[in-house]
Every structure is written in structure tokens, then in C-alpha cells.
Amino acid sequence: MGYSKALLWIVCLSPAGWLVWEAVAGGLGANPIEAITHATGDWALRLLFVTLAVTPLRRVTGWNPIIRYRRMLGLFAFFYASLHFLSYVVLDHFFAFGSILEDITTRRYVTVGFAGFVLLIPLAMTSTRGMIRRLGGRRWQALHRLVYVSAIAGVVHYLWLVKVDVRPPVIYALILSLLLGARLWRGHRQPARKPVKRIPSLRLKGART
Amino acid sequence: MLITHKRDIPFSEVTPRHLYVNRREFLMTGSAVTLGVFAGHLAGGDVNGTGAEARNELLFTRNAAFSTDEKVNSLDDVTSYNNFYEFGLGKGDPARYAHEMTVRPWTVRVEGEMRAPAAEYALDDILKPHALEERIYRLRCVEAWSMVVPWIGFPLRDLIKRFEPTSNARWVRFTTLYRPNELRGQRRTTLRWPYVEGLRMDEALHPLTLIAVGLYGETLPNQNGAPLRLVVPWKYGFKSIKSIVKIEFVKTQPKPTWNLSAPREYGFYANVNPQVDHPRWSQASERRIGRFFRQKTRMFNGYADEVGHLYAGMDLTRQF
């Protein structure tokens with residue numbers, strides 16, 4: 001268990017490590033800032049998808065321990081989304097808040113991307129065990145459904161920024177629809193159980209996303 | 001000041017790279033750089049490799065009056081970071097795949113409203129009468145990055161005059177090579193192939209408008225639009241069409257490829273204009289490749305004094 005988490009930690013960090021390595025070695029090409037912005041954005045979305053795959057995978061395989069890795073995966077998605085946002089603010093615009101604000105308010109792909117990032121902040125902040133307990137499972141779960149909105153926003157952000165080649169963002173959109181569709185389909189097949197009054201500690205156990 | 005230098009060897013008879021490299025090093029280490037002219041070597045017209053590396057040294061003069069003194073981007077920047085969708089959509093794709101394009105033999109069809117006979121002209125016939133000059137121009141991409149490139153070429157106006165366009169010729173239409181078996185990007189319809197661009201006649205006749213056949217003192221690498229391309233420095237880069245196979249003098253305004261693809265985003269004129277944003281991003285500033293801080297984009301890419309009068313009275317927010 002300890003080892004597997006450590007291994008996953010290294011795997012999740014390796015894209016960032018690779019970027020740092022390439023940046024130092026001059027391997028990011030003529031426009032390294034663009035390369036960093038694109039790579040961190042890609043990995044934010046990919047890790048968000050991996051996080052969203054945990055629950056369907058658990059249902060399909062019945063391999064329950066996988067749920068233990070979900071928080072780490074989600075936090076790494078947030079880590080890459082933060083790097084993506086920072087590379088935009090620091091590397092691309094170097095804190096030119098005037099033009100950043102103009103971008104966020106007038107360019108729809110920036111608006112939606114920024115929204116997707118901001119939505120992840122409360123999720124990262126409430127990811128601790130203490131916060132789950134404080135919020136209560138049901139409220140915590142409702143809050144964390146924002147991850148669906150954030151993932152959709154991320155894909156739309158990608159779709160709206162490309163010039164002609166919509167293939168990559170369309171592939172991302174298909175993967176996301178599969179991940180979200182799996183949830184809807186399950187919800188359709190198993191109508192919501194009648195809400196039963198439960199004591200808070202049990203509520204957490206039964207929580208599903 | 002323009003130092004003219006008569007070229008009397010055909011374009012195809014220039015020295016293979018391996019023969020001149022040593023001599024060039026000698027020149028560069030000596031004071032010959034200030035001479036401004038690299039005299040060509042008359043030996044052997046046969047180009048050994050046919051890949052992207054087969055670049056040949058060119059004879060040219062420096063046109064300082066038409067050049068910026070800004071820091072020039074490295075050959076590596078200029079040849080590794082390209083938009084040339086005929087070879088793929090990634091910036092590195094042209095450098096990776098453009099060697100698959102055969103650039104010799106090459107012909108250019110010239111036709112339309114002109115007195116000269118419409119015909120398929122061999123590249124040498126197109127280029128032969130023109131003395132080459134180096135012009136260091138700013139290049140501003142519509143994607144808000146820019147470079148400074150030392151082009152080798154000659155004014156398009158000199159070429160146009162040879163074909164004697166009539167008064168019906170109001171516009172010039174250019175077409176890029178269409179050959180999907182060599183230009184792998186054309187096997188997909190990302191854009192409508194072949195790539196087409198156009199200029200109004202007065203834009204085409206402007207002394208800044210260049211037909212480039214080389215950069216950094218040698219023939220164009222394929223990824224930069226070999227063997228001949230347009231360079232219009234006050235317009236976004238996509239107007240500067242590459243690997244031209246057809247030039248037409250026409251009565252009506254041509255329909256450029258990007259304009260057809262997304263008319264709201266890419267206008268016919270595509271003049272660099274920091275006040276008119278692309279619908280999806282700002283054009284107020286740009287990243288000069290190789291620099292960390294963004295810089296302000298200048299009206300007409302800094303060529304307003306030269307070309308501003310061409311657009312007097314036009315509403316540039318509508319005719320963008």
C-alpha cells in the first residue's frame with residue numbers, strides 16, 4: 001500500500017519532471033513557454049480523466065481498493081491545472097494583470113478554462129479527511145460533483161482554442177462523455193434508493209460519486 | 001543604397017554545401033562579413049543530396065534600407081518552428097516532413113490578365129533576370145508570436161512587370177503546390193487544398209513585397225517554402241504563401257484559404273493591427289521567439305510609414 005502510493009506519486013510527477021528536464025536541456029523548441037503551457041494543460045485534463053475513471057473502474061472490476069488512489073490523482077490533476085494557470089500568468093503574461101483580466105472577461109476559451117480551474121480550488125481545499133468529516137459526506141459529495149463541471153469546462157476550453165484541428169479535443173470530449181455517461185447509465189439502471197435517514201458516520205460509508 | 005550585382009549563373013548552378021562550407025568559415029572568420037557579398041563558386045551544378053539539407057549558397061547584396069536592425073532569430077528558430085499545414089499541424093512537422101517534397105524540377109504557371117503568354121515557366125526562367133538581395137524583416141504570426149528573418153529574394157514588383165499585367169489585373173492570386181503523396185498534410189482536409197492567397201495589385205507592387213528564394217544566405221529550406229515564396233512583412237504570416245506553383249492576375253478579389261476556412265477570424269487583408277483583435281485572442285502584444293517578455297505589437301508590424309497610405313480611408317476593423 002505504502003509502496004504503491006509512492007510509485008503512483010512518482011508516475012504522476014514524471015510529466016512535470018520531464019518538462020523541467022527538457023526545459024533545462026533546451027529540448028522544448030523555439031517557443032518553450034508555449035510548450036510548457038500546452039503540456040501542463042494536457043496533463044491536467046488527462047489526470048482529471050484518470051481520477052474520473054476510478055469510480056467506474058471500481059464498479060466494473062469490483063476492485064475496491066482502487067478508491068484509495070482517487071484523492072492523490074485528483075490532487076495531481078489540480079497540481080497540473082495550477083502549473084498551467086501559473087505558466088499563463090507568469091511565463092506568458094508576466095503578471096500583466098490588465099491583459100490577463102481582459103482575456104478572462106472577453107475571450108471565451110480563457111473564461112471557460114479559468115472557470116474550470118477555479119472550480120477545482122474548493123475541491124482541493126476540501127480533500128482532507130478532516131474536511132470530509134466537517135462537511136459531512138453528503139454535502140462533501142455534492143460539492144465534489146463540481147469536478148464534472150470542471151472537466152467539461154476544461155474540454156470546452158481546449159475545443160475553443162484550436163485553430164482547425166479539432167481532433168485532439170474531440171477525442172478528449174469522447175473520453176469525458178464515456179466517463180460521465182457511465183455514471184448516468186448506472187443512475188438510470190439503478191434508480192436512486194429512497195433516502196433513508198442515516199447517522200452521519202454511515203452516510204460517509206455509503207457515499208458514491 | 002542598393003548595390004547591384006549582376007548574376008550571370010543559373011539558379012541551379014550554385015555550389016553544393018560541402019564544397020563551400022570551408023570557404024565560408026574562412027570568410028566568416030575574416031573581415032569579409034563587412035563586404036556584404038558572398039561571391040558564388042562556379043563549380044558543379046549538381047546538387048548531391050536531395051533532402052532538406054541540400055541548401056545552396058546564394059549570391060546577394062544586402063539591402064540595409066529595407067532591413068530592420070533588430071536581433072535576427074537563429075537559423076534553428078527559423079527552420080524548426082513553422083506553420084506549414086501541408087506537412088502537418090504541429091510546429092515541428094514541417095521540419096520533420098518537408099524533405100519529402102521534390103523542389104527540383106519546379107515550374108510556376110503564370111496566367112491571367114497580362115500581355116505575356118500564359119505558360120508554365122521553369123524556375124530558372126522565373127528567377128534568372130533578378131538580382132538577389134538580403135532583407136531582414138519582422139515576421140508576425142497571427143498566433144501572436146514573431147521572429148526576425150534574414151530573407152534572400154527580390155521584389156515581387158520586378159517579376160510582375162515582366163509579365164505586363166493589363167489594367168484588368170486588379171488582384172494577384174497565388175497557389176501552393178498540391179501533391180498529397182509528398183505533402184502528407186494534404187491527405188487530410190484540415191484546410192481546403194491547395195492553399196491560395198491573394199494581394200491587391202498595389203500591395204503586390206509595393207517595394208516591400210518580396211519573392212524569397214532563400215534565408216540566411218542559402219536557398220530556402222523546404223519547411224520555409226522552397227523553392228520560392230511570398231514575404232509580405234506588414235501582414236500576418238499566413239499571407240506569405242509558400243512553395244508557389246501558380247501566379248494569376250485576376251479581375252476579382254481572390255478567396256484566400258484561411259479566409260474561406262474562418263472568415264470571421266482571418267480577413268482578406270490580414271494586416272498586422274494591434275487594435276483589431278482576433279476574435280479569440282488579443283493582437284495587442286506578441287512573443288518574439290527567443291525572448292521572455294512579450295512586446296507590444298506595432299501597427300502594420302512596424303511598417304506603417306511605408307504601407308499606411310495603401311489603406312487610407314479604409315475601415316480596418318471591418319476590412320481586417
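Readers should treat all values here as calculations from the given coordinates under stated rules, not as data from a laboratory. These numbers were taken from a predicted model, which means no experiment stands behind them. No Cβ is skipped: glycine too gets one built from the backbone with ideal geometry, and neighbour counts run over all protein chains shown.
Summary table below
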read-out: All helices (runs of 4 or more DSSP H) inside region A:96-168 with 3 or more residues being of a type in the set (Gly, Ala, Ser) and more than 30 Å from residue B:87 (Cα to Cα); value: A:108-125, A:146-161
read-out: Any hit, region A:109-129, residues being polar (S, T, N, Q), over 17 Å from residue A:70 (Cβ atoms) and surrounded by 15 or more Cβ atoms within 10 Å (Cβ to Cβ); value: yes
read-out: Hits in region B:224-275 - residues which are out of contact with any Cys (no Cβ under 6 Å at 6 or more places or on another chain) and of a type in the set (Gly, Ala, Ser); value: B:225, B:226, B:240, B:243, B:261, B:262, B:267, B:270
read-out: Region B:241-291 - residue that is under 19 Å from the mean Cα position of the chain (by Cα) and aliphatic (A, V, I, L, M) and, of those, farthest from the other protein chains (Cβ to nearest Cβ); value: B:247
read-out: Residue within region A:150-158 that is within 14 Å of another protein chain (Cβ to nearest Cβ), free of Cβ contacts under 8 Å to residues at least 40 places away in the same chain and in contact with a Phe, Trp or Tyr (Cβ under 6 Å, 6 or more places away or on another chain) present; value: no
read-out: Identity of the residue in region B:126-149, assigned to a loop (DSSP other than H, G, I, E, B) and touching a helix residue (DSSP H, G or I) at 6+ places or on another chain (Cβ under 8 Å), that ends up nearest to residue B:276 (Cα to Cα); value: B:142
read-out: Counted residues, region A:22-69 - those being closer than 20 Å to residue B:91 by Cβ and more than 14 Å from chain B (Cβ to nearest Cβ); value: 4
read-out: Test: residue in region B:256-266 that is part of a loop (DSSP other than H, G, I, E, B) and touching a helix residue (DSSP H, G or I) at 6+ places or on another chain (Cβ under 7 Å); value: yes
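Here's the yes/no breakdown for (1) part of a loop (DSSP other than H, G, I, E, B); (2) free of Cβ contacts under 8 Å to residues at least 40 places away in the same chain; (3) surrounded by 17 or more Cβ atoms within 10 Å (Cβ to Cβ); (4) acidic (Asp, Glu):
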{"residue": "B:241", "(1), (2), (3), (4)": "yes, no, yes, no"}
{"residue": "B:252", "(1), (2), (3), (4)": "yes, no, no, no"}
{"residue": "B:283", "(1), (2), (3), (4)": "yes, no, yes, no"}
{"residue": "B:301", "(1), (2), (3), (4)": "no, no, yes, no"}
{"residue": "B:316", "(1), (2), (3), (4)": "yes, no, no, no"}
